[in-house]
Amino acid sequence: MCGIVGAVAQRDVADILVEGLRRLEYRGYDSAGIAIVNSEGALTRVRRLGKVQALEEALNTQFVAGGTGIAHTRWATHGEPSEINAHPHVSCETIAVVHNGIIENYRVIRDALIQKGYLFESATDTEVIAHLIHDLLKADISLREAVQLASQQLEGAYGMAIMDKRQPDRIVVARSGSPLVIGYGLGENFVASDQLALLPVTRRFAFLEEGDIAEITRHRVQVFDREGQPVERAISESNASHDSGDKGPYKHFMAKEIYEQPMALQRTMEGRIQSGHVLDDVFGTGSADLLAHVEHIQIVACGTSYNAGMVSRYWFEALADLSCNVEIASEFRYRKSFVPRNSLLVTLSQSGETADTLAALRLAKEMGYMSSLTICNVEGSSLVRESDMAYMMKAGPEIGVASTKAFTVQLTALMMLVVAIGRHRGLSDEKQQQIISGLLALPAKITQTLMLDKEIEQLAEDFSDKQHSLFLGRGSQYPIALEGALKMKEISYIHAEAYAAGELKHGPLALIDAEMPIIVVAPNNELLEKLKSNVEEVRARGGLLYVFADKDANFKSDDTMKVMDLPHVDELLAPIVYTVPTQLLAYHVALIRGTDVDQPRNLAKSVTVE
Ligand code: M6R
């Protein structure tokens with residue numbers, strides 16, 4: 001949540017910082033700001049309420065020159081979205097700070113600083129950092145030492161970048177609970193909360209570790225660990241596409257990412273499947289041996305990633321004969337839970353930085369799990385670095401706040417994990433091959449399903465004036481209903497709920513009337529007839545139905561039911577394909593309602609606070 005960019009260069013850095021913010025805007029978009037110091041030590045700060053665009057417009061009329069700068073795009077935690085609460089925060093017109101995360105003990109620090117005469121202008125937790133560092137610098141110490149001392153007083157999570165106009169040639173950054181990456185250029189260096197921000201200026205990155213503090217000048221980056229000892233952090237070359245932050249021909253990132261799914265699925269399987277088998281060790285070196293001994297799976301995740309975990313529970317239990325529990329990370333981390341013998345903890349996360357999921361992983365390490373595996377989309381992210389094993393999803397950057405391709409790729413990876421474990425637990429060669437050929441056929445099935453786009457666009461018209469909606473599914477399609485409802489509420493702001501269709505008559509049937517559209521996901525599986533009965537229960541009560549169905553499922557459109565035929569797909573893998581029309585539906589409904597599709601209100605892409 002929130003985005004940080006910083007640069008130390010000989011050239012003016014304002015444009016680099018603003019472009020970085022534009023690329024990070026998906027992380028928060030309540031307000032944006034920039035602070036630049038020039039070589040004479042003049043500090044200029046510009047902040048605006050709203051999106052990066054507003055900041056850009058301000059900078060068009062107010063030229064800000066200088067080679068050292070920090071910038072921020074905010075997702076408000078403490079203090080409403082406003083210009084006064086926007087970062088950078090400044091102390092005594094000397095120290096400027098941008099910060100991601102939450103300082104939990106800020107009140108105590110603020111009271112102490114007020115006693116010392118500091119005046120606070122914002123309602124944020126971040127402002128204490130600026131004044132604290134200013135205060136510490138009254139002793140004869142360097143900026144880096146002051147940041148180190150300040151860090152010892154701060155409780156909570158932070159990724160932060162600090163400038164002192166009296167030392168205009170440097171930025172000091174610190175990481176504890178919120179990621180930061182250093183970007184290495186030629187005679188210029190950078191920092192950001194996500195490497196995506198820096199792709200236009202460098203490909204060489206080093207990820208800071210927890211507790212690290214780094215001093216960045218044009219020619220040198222020095223990293224110190226929590227104890228203040230100099231340390232080396234490996235520099236790696238990124239092969240992420242420079243354009244990955246662009247929408248291409250699409251109107252929104254979400255549309256681009258929905259359409260990228262066939263390619264994304266292909267990439268996640270490439271080089272990992274051969275001759276009808278999942279290759280050894282694709283989940284990490286030595287994983288094949290370890291997976292042979294797994295007796296229980298505990299999946300922990302949030303939001304869309306949790307829904308992916310829910311689907312896989314059906315697969316682990318039915319195909320790999322393995323008990324599987326799935327839990328929301330924010331619940332798991334605060335619950336005393338039982339760890340069966342030889343349990344594998346699996347975290348699912350697009351970003352790899354979700355605070356609750358990360359906390360759950362850290363907790364699990366003390367709980368006696370035999371090992372931990374993360375299925376994640378971001379190289380070098382905290383979950384990847386802290387898990388014993390990692391499966392990189394290779395979905396490509398997902399910028400739209402609503403997760404789309406990450407979900408279908410997670411499902412693909414999870415099915416591969418089911419096969420990799422299942423082969424040690426009685427999943428026959430024949431069944432493995434059937435699943436693998438189904439997986440390999442998915443990109444084509446999804447491409448076919450995407451052709452329904454125009455029809456779904458028309459269907460979406462019916463939803464434009466609705467306030468509520470209900471998503472129904474059975475079996476492994478129930479989590480697809482959950483995911484469909486999450487997409488609908490997240491970007492169209494229509495209240496959407498999901499139910500296992502068999503549960504309708506236990507309460508929610510009371511809601512049914514002509515004002516409540518009901519979306520049903522109906523592949524041709526063993527639960528089809530049961531689902532049809534549930535559909536009839538709704539029809540009998542005047543409900544309006546929208547059914548995404550297998551073309552052989554024999555649903556017929558009429559006055560109360562609109563049916564959209566999907567290609568026939570192996571029932572095991574149907575959840576992956578049936579996700580796509582629900583994504584398209586949410587997208588088109590949001591378009592018609594004129595909401596901000598890629599950056600829906602109140603949300604941010606990477607939830608790095610609790
Ligand atoms: O990065 P993660 O997969 O850990 O994120 C988890 C959720 O915050 C995320 O899936 C969220 O629910 C999406 N915005 C939903 O579209």
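Here, each number is a calculation from the coordinates, and none is a lab measurement. As the structure is a computational prediction, the values presented were derived from the model and not from experiment. We place every Cβ from the backbone using ideal geometry, glycine too, and count neighbours over all the protein chains shown.
Treat each spin label as a single point 7 Å out from the Cα along the C-beta direction, and report the Phe63 to Glu227 distance in nm.
So the two model labels end up 5.1 nm from each other.
Two-decimal Rg/Rh of the chain from alpha-carbon positions, Kirkwood Rh?
Radius of gyration relative to Kirkwood radius: 1.00.
Quick check on the stretch 165-216: take the gyration tensor over C-alpha atoms, sort the square-rooted eigenvalues as a ≥ b ≥ c, and tell me if it's rounded (a/c under 1.5), prolate or oblate.
oblate
Between Glu529 and Leu119, what FRET efficiency comes out of the Förster formula 1/(1 + (r/R0)^6) with R0 = 60 Å and r the beta carbon distance, rounded to 0.05?
Result of the calculation: an efficiency of 0.25.
Tell me, what is the Rg over Rh of the stretch 271-388, with Rh the Kirkwood radius over Cα pairs?
0.94
Work out from phi, with θ = phi - 60° and the Karplus expression 6.51 cos²θ - 1.76 cosθ + 1.60, the ³J(HN,Hα) of each residue of the stretch 492-505, listed in order in whole Hz, and give x for Gly and Pro.
Coupling constants for the stretch 492-505: 9, 6, 7, 4, 10, 10, 10, 9, 5, 4, x, 8, 3, 6 Hz.
Per 0.36 nm of contour for each residue apart, how much would the distance between Ala112 and Asp280 grow if the chain were fully extended, relative to their Cα-Cα spacing?
Taking 0.36 nm per residue and subtracting the Cα distance, the gain is 54.8 nm.
Once R0 is set to 60 Å, what does the formula 1/(1 + (r/R0)^6) return for the Cβ-Cβ distance between Gln266 and Ala139, expressed as a FRET efficiency to the nearest 0.05?
My answer for the efficiency is 0.55.
What spacing in nm lies between the two simple spin-label points modelled at Gln433 and Glu155, each 7 Å away from Cα in the Cβ direction?
That separation, rounded to one decimal, is 6.1 nm.
With +1 on each Lys and Arg Cβ and -1 on each Asp and Glu Cβ, and nothing else charged, work out how big the dipole of the stretch 474-610 is about its Cα centre, in Debye to the nearest 20.
Rounded to the nearest 20 debye, it is 240 debye.
If you wrap a convex hull around the C-alpha atoms of the stretch 547-609 and split its volume per residue, what is the figure in Å³?
131 Å³
Can you list residues from other chains, or at least 5 along the same chain, whose modelled amide H is less than 5 Å from the amide H of Asp280?
The list, which skips near neighbours in sequence, is empty: none.
Just how large is the dipole of the stretch 339-455 about the Cα centre, in debye to the nearest 20, putting +1 at every Lys and Arg Cβ and -1 at every Asp and Glu Cβ?
For the stretch 339-455, the charge dipole is close to 280 debye.
Report the full-extension gain for the segment Ser323 to Lys454: residue separation times 0.36 nm, less the Cα-Cα distance, to one decimal in nm.
43.0 nm
Divide, for the stretch 212-281, the radius of gyration over alpha carbons by 2.2 N^0.38 Å, where N is the residue count.
Compared with the compact-globule rule of thumb, the stretch 212-281 sits at 1.82.
Using the Karplus curve 6.51 cos²θ - 1.76 cosθ + 1.60 with θ = phi - 60°, what ³J(HN,Hα) values do you get for each residue of the stretch 255-262, in whole Hz, with x for Gly and Pro?
Values, residue by residue: 5, 4, 6, 4, 6, 7, 4, x Hz.
Per the helix-only calculation at 222 nm, which mean residue ellipticity applies to the chain, given -39500 (n - 2.57) for every DSSP H run of n ≥ 4 and division by its residues, nearest 500 deg cm²/dmol?
Computed ellipticity for the chain at 222 nm equals -10500 deg cm²/dmol.
Measure out, as a whole number of angstrom, how far apart the alpha-carbon centroids of the stretch 429-474 and the stretch 559-582 sit.
5 Å
Figure the gain on full extension for Lys505 and Glu331 (residue separation times 0.36 nm, minus the Cα-Cα span) and round it to one decimal in nm.
My answer for the length gained is 59.8 nm.
In degrees between 0 and 90, to the nearest 10, how far off the longest principal axis of the chain does helix 355-365 point, with axes built from Cα atoms?
Its long axis makes an angle of about 80 degrees.
Which whole-number percent of Cα pairs in the stretch 504-555 have a distance greater than 18 Å?
Distances greater than 18 Å cover 29 percent of the Cα pairs.
Report ³J(HN,Hα) in whole Hz for each residue of the stretch 433-442, in order, from the Karplus equation J = 6.51 cos²θ - 1.76 cosθ + 1.60 where θ = phi - 60°; Gly and Pro get x.
Working through the residues one at a time gives 5, 5, 5, 5, 5, x, 4, 5, 7, 4 Hz.
Say each of Lys251 and Ser39 gets a label point 7 Å from the Cα, pointing the same way as Cα to Cβ; how far apart are those two points in nm?
For the pair Lys251/Ser39, the computed spacing is 4.8 nm.
Just the number, please: percent antiparallel of the DSSP beta bridges in the chain, rounded to the nearest 5.
60 percent
Rank by packing, highest mean first: peptides 95-101, 333-339, 582-588, with packing defined as the count of other Cβ atoms within 10 Å averaged across residues.
With the highest mean Cβ count within 10 Å placed first, the list reads 95-101, 582-588, 333-339.
Hey, quick one: spin label on Met370, modelled 7 Å out along Cα-Cβ, who in the stretch 404-437 has an amide N within reach, i.e. under 13 Å?
Hits in the stretch 404-437 for Met370 at 13 Å: 421-422, 424-425.
In debye, nearest 20, what is the charge dipole magnitude of the stretch 242-336 about its Cα centre with +1 on Lys and Arg Cβ and -1 on Asp and Glu Cβ, if you could check?
Rounded to the nearest 20 debye, it is 440 debye.
Taking the inverse of the average 1/r across all pairs of different Cα atoms in the stretch 417-503, what Kirkwood radius in Å do you get?
One decimal place: 15.7 Å for the Kirkwood radius.
If I model the stretch 21-150 as equal point scatterers sitting on the Cα atoms and use the Debye formula, what is log10 I(q)/I(0) at q = 0.18, 0.22 Å⁻¹?
Relative scattering, expressed as log10 I(q)/I(0), comes to -1.00, -1.36.
Considering only Cys2, Ala402, Ala355, whose Cα is most displaced toward the positive end of the charge dipole of the chain, charges sitting on Cβ of Lys, Arg (+1) and Asp, Glu (-1)?
Final value for the positive-end residue is Cys2.
Take the eigenvalues of the Cα gyration tensor for the stretch 249-337, scale each by 5, and report the square roots as semi-axes in whole Å, largest first.
Computed over the stretch 249-337, the values are 27, 23, 12 Å.
Taking Lys256 as the anchor, which lysines have their alpha carbon closer than 25 Å to its alpha carbon, excluding any fewer than eight residues away along the same chain?
Lys51, Lys247, Lys394, Lys405, Lys445, Lys454, Lys487, Lys489, Lys605
When the Debye formula is applied to the Cα atoms of the stretch 85-151, each taken as the same point scatterer, what base-10 log of I(q)/I(0) results at q = 0.12, 0.19 Å⁻¹?
The computed values of log10 I(q)/I(0) come out as -0.26, -0.67.
Using a 10 Å cut-off on Cβ atoms, rank the peptides 565-576, 449-460 from the highest mean neighbour count down.
Per-residue mean Cβ counts within 10 Å order the peptides as 565-576, 449-460.
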